[in-house]
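Below is one structure, written out as structure tokens, with a few remarks after it.
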Amino acid sequence: MAIFDYLKLNDLSSVEQEIYRFIANNLEKIPYMRVRDIADGAHVSSTSVFRFVQKIGFHSFPEFRFYIKAHLDKVRQEENKKHIGIEERVNSLNIGIFHPDVEYQIKNMAQALGDSDFILFMGMGASGAIAQYIARKLASLGYVSISLDDLTYPIRSFLRKDQKNVIIFLSVSGETKELIEVIASLEDKNIVQKYCITLNKKSTLAQLCDYSIEYEIKEERKDIFLDLTSQLPSIAILETLISYLKDFHNDK
């Protein structure tokens, strides 16, 4: 969620994570709630709520509520702005939004995938749909490639020790809790290479993966929680990745 993008969930205690989840799931109500209301909803003490508010940079609870209200008002105003035409949309996809070495990054990732025995794409929501699209294209080229958007699936059954395994995580924020938990659940992290494509190079996901490719684009959201951020940069990276893998496959 954009308002808390700078937070790393792994740095929060279990109590603080409960407070975070309650606030994130009830953001529209927070400007009208008391400390006690949040404490009761998150099943923690009022003192814990005060400490959380201070930890994320606010001197007082009223200051925190005012910030949330102002943020919600700003988001609603942005939602009401004019649409983006196709020319503006296409022009937004320029090389400047990528890392200067993005071509080398993509080629490097393609080489790792080309040498692998099993490729797994994982994502949620729109990222999950793109994961399915890309995995299917690679499978059509002859690669053993699948996608999963059910992040509770026991993926260890796929990751045999006698094969080269690669997982590619797709996440705009890089803070998708379920994807982070997938990495944490890997008992033997040496049997799989972990890659991610994300908007946030400082995100938890980017830090946990062995390799990441980032891009820059403005996040777009509806009603705070619904992610409408353009996936064009991610698709451009993945389509370029496929073109390299197509060449590698033809050379074999």
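Where a number appears in this text, it was derived from the coordinates with a stated rule and is not lab data. These figures come from a predicted structure and were not determined experimentally. Using ideal geometry, Cβ is built from the backbone for each residue, glycine included, and neighbour counts are taken over all protein chains shown.
What is the extension gain from Arg51 to Glu103, computed as 0.36 nm multiplied by their sequence separation minus the C-alpha to C-alpha distance, in nm to one decimal? Numbers along the way, then the final one.
Working: separation 52, 0.36 × 52 = 18.72 nm, distance 4.48 nm.
14.2 nm is the gain from fully extending Arg51 to Glu103.
Under 5 Å between amide H atoms, partner at least 5 residues away or on a different chain: which partners does Phe121 have, H built in plane at 1.01 Å?
It is Ile146, Ser147, Leu148, Ile168, by chain and number.
Near Leu179, within a Cβ-to-Cβ distance under 11 Å, what is the net charge of the other residues, with Lys and Arg +1 and Asp and Glu -1?
-2
Apply the Karplus parameterisation 6.51 cos²θ - 1.76 cosθ + 1.60, with θ equal to phi minus 60°, to every residue of the stretch 153-165 and state each ³J(HN,Hα) to the nearest whole Hz, in sequence, with x for glycine and proline.
5, x, 6, 4, 5, 7, 8, 6, 6, 8, 9, 8, 10
Would you pull out the residues with amide H under 5 Å of Ser230's amide H, same chain only if 5 or more places away, H placed 1.01 Å from N?
Glu220
Using the per-residue mean of other Cβ atoms lying within 10 Å as a proxy for protection, in what order, highest first, do the peptides 122-128, 26-32 fall? Provide the component values of the computation, followed by the final result.
Numbers: 122-128: 21.1, 26-32: 14.7.
Those peptides, ordered most packed to least, come out 122-128, 26-32.
Could you pull out every residue, at least 5 positions away or on a different chain, whose amide H is within less than 5 Å of the one on Ser171? Hs are placed 1.01 Å off N in the peptide plane, and Pro or chain starts have none.
Ile197
Which pairs in the list Lys55/Lys194; Lys161/Lys194; Lys177/Lys202; Lys202/Lys246 are over 23 Å apart, alpha-carbon to alpha-carbon? Display every interim value, and only then the final one.
On the way: Lys55/Lys194 31 Å; Lys161/Lys194 15 Å; Lys177/Lys202 15 Å; Lys202/Lys246 31 Å.
As for pairs spanning more than 23 Å Cα to Cα, those are Lys55/Lys194; Lys202/Lys246.
Using a 10 Å cut-off on Cβ atoms, rank the peptides 112-119, 164-171 from the highest mean neighbour count down.
Numbers: 112-119: 17.4, 164-171: 23.8.
Averaged packing, sorted descending, gives the order 164-171, 112-119.
Which whole-Hz ³J(HN,Hα) couplings does the stretch 48-62 yield from phi under the Karplus relation 6.51 cos²θ - 1.76 cosθ + 1.60, θ = phi - 60°, glycine and proline marked x?
Listing the rounded values in order: 5, 5, 4, 5, 5, 4, 5, 5, 8, x, 10, 7, 8, 5, x Hz.
Kindly write out, for the stretch 138-152 in residue order, the coupling ³J(HN,Hα) from the Karplus curve 6.51 cos²θ - 1.76 cosθ + 1.60 (θ = phi - 60°), rounded to whole Hz, with x marking Gly and Pro.
5, 4, 5, 7, x, 7, 7, 9, 9, 10, 9, 10, 8, 7, 8
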